[in-house]
Amino acid sequence: MTSTDTNQQSLQDEIADLERQLKDAKSRLKTAPLALPSTTPPNDVALHALLLLSDSALPLGSFAFSSGLESYLAHHRPSPPTSSQVSSFHTFFRLSLSTLAGTALPYVLAAYREPNLIERLDNDLDASTPCTVARRASVAQGRALLAVWDRSFRTHYSSDSPTNGYPTPIDALTEFQSLIRSSSSYGAEFQVNAHLAPLWGLITRVLRVPLPDAAYLFLFSHARTVISAAVRASVLGPYQAQAILASKELQERIRSLMEEMWERKVEDAGQTVPVMDLWVGRHEKLYSRIFNS
Amino acid sequence: MSFSNPFAASASRPGYGEIVISLLPPATPVLKTLSYQYPLKLIAPDAIPLPDARNTDAPTLIHTVFLLTYGGGLVAGDTVHLNVTLDPTTKLILLTQGSTKIFKTPSRDVVSGQRTNVDFTLNAALCYLPDPVQPFEQSAFEQVQVYNLKESQGSMCVCDWVCEGRSARGEKWSFYKYTSKNEVWSVTKEGKKRLLLRDNLILDESGKVASSLVDRMDGLGVFGTIIIRGPLFESLGKYFMDEFQLLPRIGGRKWDTGTEEEELSLEEVQRLARQKQEASDGLVWSAASIRGFVLVKFGAKEVEGAKIWISHMLKSEGSVERSFGERALHCLK
């Protein structure tokens with residue numbers, strides 16, 4: 001069976017590639033100022049979780065969102081309508097990644113470091129998301145991630161939590177879930193939302209993915225989502241898209257964004273590209289749409 | 001009313017200012033405290049009687065305070081602190097006289113700043129529509145506005161905007177750093193705080209990966225946020241939301257040839273005129289209704305275009321002028 005052989009081969013390649021990434025991230029972990037305690041689990045536990053979360057089949061519904069790309073392209077139509085939008089895409093791509101790092105990454109890091117703050121972090125991120133479209137996208141994916149945890153991951157991770165009297169990250173997660181179910185703790189103004197960023201931090205902590213990897217994957221997944229939206233909006237070809245994802249430039253950008261945000265407090269998270277709020281907010285005003293954001 | 005010792009040691013410090021509007025029974029709002037120290041200067045013209053006094057229970061005087069700085073701006077390293085307290089049912093208009101200029105700093109670490117803190121009590125209201133901040137080339141500025149709403153109560157209409165610098169001298173977002181953070185907190189009786197809204201704009205040229213500020217601003221010369229909340233501005237918020245829904249679709253086409261002349265109402269004619277003006281001023285905006293607020297974001301090529309737009313929106317809705325008087329729109333002229 002040649003087809004299964006090639007499948008096997010490509011899977012092995014993928015694994016080798018991811019292992020390289022992991023090793024890379026691990027070496028970064030050593031240099032990171034706020035490094036984790038040395039209780040990191042054996043390599044393959046974290047690797048396995050990382051593979052689960054990086055799988056494009058993870059049912060978060062990310063494919064439905066373009067994070068403002070569709071709206072941006074509509075606001076920047078090329079003068080001859082047939083000319084290429086690739087350079088427009090590159091500008092947007094860069095801005096979009098900085099925006100996500102500036103607004104959401106501090107919440108990923110904070111929820112990972114202090115799981116018990118999840119409820120407050122969720123509220124504060126909600127208060128800091130100024131536009132309905134972005135909010136909808138973040139909550140939809142956050143709830144989906146929570147559902148994946150609940151239905152698929154939970155039974156495999158609950159048993160081995162160390163109980164030394166303190167509430168564990170899993171406890172924090174369980175409590176947060178029950179808050180969502182009751183969802184009337186603070187009245188309508190303070191509804192529990194389940195935004196993606198803090199939940200990503202908390203769940204990667206529970207799955208024992210090292211923090212630098214969790215943060216790297218958070219930004220990488222966003223990059224992948226935007227690039228895949230560009231392919232479906234016929235701005236990029238599939239090979240072009242893979243080339244951007246594989247590029248050294250993207251790796252360096254993710255790394256330096258992580259560095260810049262590593263010690264940023266959530267109180268100081270903010271919008272570095274103000275027009276992004278306009279583009280994302282005006283997505284609802286597009287005449288025709290193929291994405292939800 | 002407590003007796004205050006006229007010989008008490010002054011608690012004020014350089015750059016600090018305080019405004020307290022309290023309520024003299026039965027229903028007269030008075031400017032109880034107005035203090036300030038260099039480089040901050042506060043000027044309170046005579047309070048204006050409420051133009052619409054149908055509601056006899058409501059206070060009949062609207063106080064206005066102009067927020068000024070010596071030299072019309074902040075020199076590197078200057079920091080200004082303003083504390084405002086609004087007693088139940090009082091109203092305050094905060095204004096500026098011309099844009100707040102942020103002068104060049106000798107080093108990017110010497111940052112000037114402004115911190116404004118406003119405490120609201122039941123049914124207090126603030127209308128704060130200043131001129132934009134104008135950061136000059138090689139300036140560094142950080143401002144924080146904190147609004148504390150007791151039990152989530154209170155009405156506010158606040159505009160926070162910044163322009164590219166001295167356009168006439170060709171400055172285009174060429175400062176080192178400008179950040180502006182707006183926070184609205186709900187404060188319970190016990191003093192517990194919970195965040196209702198945080199709007200944090202960070203324009204820092206030294207960021208490692210972000211593109212240059214000019215690239216990030218995408219051709220805009222001014223960018224701002226309007227925060228609207230509370231019973232007094234409910235109809236204003238709704239107006240922004242409705243008008244946003246009625247904006248023409250982006251990339252839409254007009255399929256009919258437009259041969260039949262439709263009869264347009266006055267409102268529709270004004271709307272079309274405003275939308276035409278928006279297009280010629282390069283004004284783009286969006287509105288979102290979230291967590292009891294209506295949050296409006298706007299950008300335009302020039303300050304003038306943005307002023308025309310805000311003033312048109314506020315005037316055609318009308319409630320700001322009705323409940324605060326014409327003076328509230330002073331900076332938008």
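The values are calculated or read from the model by the stated rules, or taken from the named source; none is laboratory data. Keep in mind that this is a model prediction, so the values were computed, not measured. Here Cβ is always computed from backbone atoms with ideal geometry, including for glycine, and neighbour counts include all displayed protein chains. Areas reflect the complete protein model, heavy atoms only, side chains present, ligands, DNA and RNA absent. Shrake-Rupley method; radii C 1.70, N 1.55, O 1.52, S 1.80 Å.
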Would you compute, from DSSP H runs of 4+ residues alone, the mean residue ellipticity of chain B at 222 nm, taking -39500 (n - 2.57) per run and dividing by the full residue count, rounded to the nearest 500? -5000 deg cm²/dmol
Segments A:259-265, A:203-209 sorted - mean Cβ within 10 Å per residue, highest first: A:203-209, A:259-265
With chain A treated as a Gaussian network of Cα nodes joined by springs under 10 Å, which of A:115, A:169, A:59 yields the largest mean-square fluctuation? A:59
Grab the Cα-Cα distance for residue B:70 and residue B:269, subtract it from 0.36 nm times how many residues apart they are, and report the gain in nm with one decimal. 67.2 nm
Extension gain (nm, one decimal) between residue B:34 and residue B:235, 0.36 nm per residue minus Cα-Cα: 69.2 nm
Taking chain A and counting helices only, DSSP H stretches of n ≥ 4 at -39,500 (n - 2.57) each over all residues, the nearest-500 ellipticity at 222 nm comes to -20000 deg cm²/dmol
Per-residue mean of other chain beta-carbon atoms within 10 angstrom of the beta-carbon, peptide A:121-130? 5
Once all Cα-Cα distances of region A:50-208 are split into 10 Å bins that start at 0, what whole-number percent is in each one? 9, 35, 32, 15, 7, 2, 0
Heavy-atom accessible surface of the protein assembly as shown: percent carbon and sulfur, 1.4 Å: 53
quick note, the protein assembly as shown, DSSP beta bridge pairs, % antiparallel (nearest 5) is 45
Antiparallel versus total DSSP beta bridges in region B:16-229: what percent is that, nearest 5? 40
Interface size between chain A and chain B, please: total buried accessible area, 1.4 Å probe, rounded to the nearest 100 Å². 4000
Any DSSP H helix in chain B with Cα axial reach of 27 Å or more and mean Kyte-Doolittle score of at least 1.6? Listed by number, the hits are none
Excluding residues fewer than 8 positions from residue B:333 in its own chain, the aspartates and glutamates with Cα under 16 Å of it are B:131, B:302, B:304, B:321
Explain nothing, just the number: relative contact order of chain A, from Cα pairs under 8 Å at least 6 residues apart, as a whole percent. 36
Using θ = phi - 60° and the Karplus form 6.51 cos²θ - 1.76 cosθ + 1.60, what ³J(HN,Hα) does each residue of region B:104-119 get, whole Hz, x for Gly and Pro? 4, 10, x, 8, 5, 7, 8, 9, 9, x, 9, 10, 10, 10, 10, 9
Compute the accessible area per residue over chain B, keeping the other protein chains in place, probe 1.4 Å, unit Å². 46
Across 5 Å bins from 0, what is the distribution of all Cα-Cα pair distances for region B:16-229, in whole percents? 1, 7, 14, 18, 18, 15, 11, 8, 5, 2, 1, 0
In cubic angstrom, how much convex hull volume per residue do the alpha carbon atoms of the protein assembly as shown span? 203
So the compactness index of chain A, its C-alpha Rg divided by 2.2 N^0.38 Å, takes the value 1.02
Which log10 I(q)/I(0) values, to two decimals, does region B:84-146 give at q = 0.13, 0.18, 0.22 Å⁻¹ under the Debye formula with one point per Cα? -0.47, -0.74, -0.91
Using the heavy atoms of the protein chains alone and a 1.4 angstrom probe, what is the accessible area of chain A per residue in square angstrom? 46
